[in-house]
Amino acid sequence: MLRFLPLLVLLGACGPDYVFGRQDYMDTFFQEPPAKVDILWVVDNSPSMQQEQEEVANRFENFIYSFEQTNIEFHIGVITTDMDIDNPDRATLLGDPPVLTPAVENYRDLFVERVQVGLSGSDMERGLEAAYQAVTEPMISDRNAGFLRSNAVLSIIIVSDENDCSDRGALPADATNIDCYEHSEMLVPVAEYVSTFRAMRSDPSQVVGSAIVGPRRDEGCQASVPGTRYMNFAESLGGVEGNICEENFSGIMEDLGLTVSGVRASFQLTYTPVEHTIEVFVAESEKDTAEAQWTPVAESPEAGWTFDFDTRYLTFHGDSVPERGAVIHVRYDIAG
């Protein structure tokens, strides 16, 4: 579990920052694996998803490897994106037992079986709403009881070749996915889902969202629609954004396993910083903190960090994501 150990350094009365009334602050984060993780797979079951479902199933070993190396107590559940009112199993964990754990002897085979959720689902994929209903009342105390633990990291992984159409009834009953795309203003804002999931944990960093979806149009992918809402969801919650058009999911599944098992990309700062004062440094090990070789990390959306002033989350990207066991220092002036 990540620990937040802020260190406050008040600058001396003679320093220039005192004149401007600023405080220099440093947040310290540790890239530590959690003890428990609840993983919800939300899989598109529309007619175009056979190959993608098979690829997730075939690459499950790449995903689960990190969990076995760190002995994390995991719960795994699978639901579909079909939230049509005539679907009696909407937001319901599939299979028996519905929750896969290390104690389930054949959990690998069961996951491979149930993640191939079929192809008869709605073409109005509502993955965000499905995830929301699956882990809230009344489902979490009824049909999905036993999946969610209050002291576990919650990880939501969405797999779809369409964009999200979570509208909570705002669109007409006979609406199609085309109506969804043309009237996106009627959909539930992604930020609302992000805030709701984060509020489920006393430490909001214990919620991770990831997505294997269609890339943006300029990346080229004839077989999918850009999953922009799902990508925004994953970006906001510091998870993996995988391209569903890749022929081989081994790399995506390995990245997902690392992320879900404790390699975080996003960290929330204690205070709102003054713009352009953020400095980020990473050391390889907590043991080396006293004599650490601190490596500066540049601001970059490709291979560095970015900062969201609305949520105070600093997010690492690409190869800059700190490895397990690393220590992160973020120094900045407090805005006030």
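Structure summary
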| read-out | value |
| --- | --- |
| Label-point separation in nm, Ala199 to Asp308, each point 7 Å along Cα→Cβ | 1.6 nm |
| Inter-label distance for Arg108 and Glu323, nm, one decimal - labels placed 7 Å from Cα along Cα-to-Cβ | 2.6 nm |
| For the stretch 131-193 versus the stretch 234-308, the gap between their alpha-carbon centres in whole angstrom | 26 Å |
| All-pairs Cα distance distribution in the chain, expressed in whole percent, bin size 20 Å | 31, 55, 14, 1 |
| Asn58-Asp24 FRET efficiency (beta carbon distance; Förster radius 35 Å; 0.05 resolution) | 0.10 |
| Cα gyration tensor category, rounded, prolate or oblate, for the stretch 76-145 with a/c compared to 1.5 | oblate |
| Radius 11 Å from Cβ of Val78, net charge of other residues (Lys, Arg +1; Asp, Glu -1) | 0 |
| Which of Arg312, Arg168 has the fewest Cβ neighbours within 10 Å, and the rest in rising order | Arg168, Arg312 |
| Within a Gaussian network of the chain (alpha carbon springs, distance under 10 Å), most fluctuating of Asn144, Asn243, Asn87 | Asn87 |
| Cα shape, the stretch 116-218, gyration tensor, a/c 1.5 rule | prolate |
| Cβ crowding within 10 Å averaged over residues, with 74-80, 188-194, 31-37 ranked highest first | 74-80, 31-37, 188-194 |
| Most fluctuating residue given options Asp179, Asp82, Asp310, as computed from a GNM of the chain linking Cα atoms under 10 Å | Asp310 |
| For the stretch 27-94, average projected area of the Cα convex hull in nm² | 7.0 nm² |
| Rough spin-label spacing in nm, given labels placed 7 Å along Cα→Cβ, for Asn177 and Thr277 | 4.8 nm |
| Residue of Val274, Val263, Val321 that the Gaussian network model of the chain assigns the largest fluctuation, springs spanning Cα pairs under 10 Å | Val274 |
| Furthest towards positive pole of dipole, Leu187, Ser46, Ala265, structure part the chain, Cβ charges | Ala265 |
| Cα gyration tensor category, rounded, prolate or oblate, for the stretch 161-316 with a/c compared to 1.5 | prolate |
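Each value in this text was obtained by applying a stated rule to the coordinates, not by laboratory testing. Owing to the predicted nature of the structure, the values given are computational and were not obtained by experimental measurement. Glycine also receives a Cβ, built like all others from the backbone with ideal geometry; neighbour counts cover every protein chain displayed.
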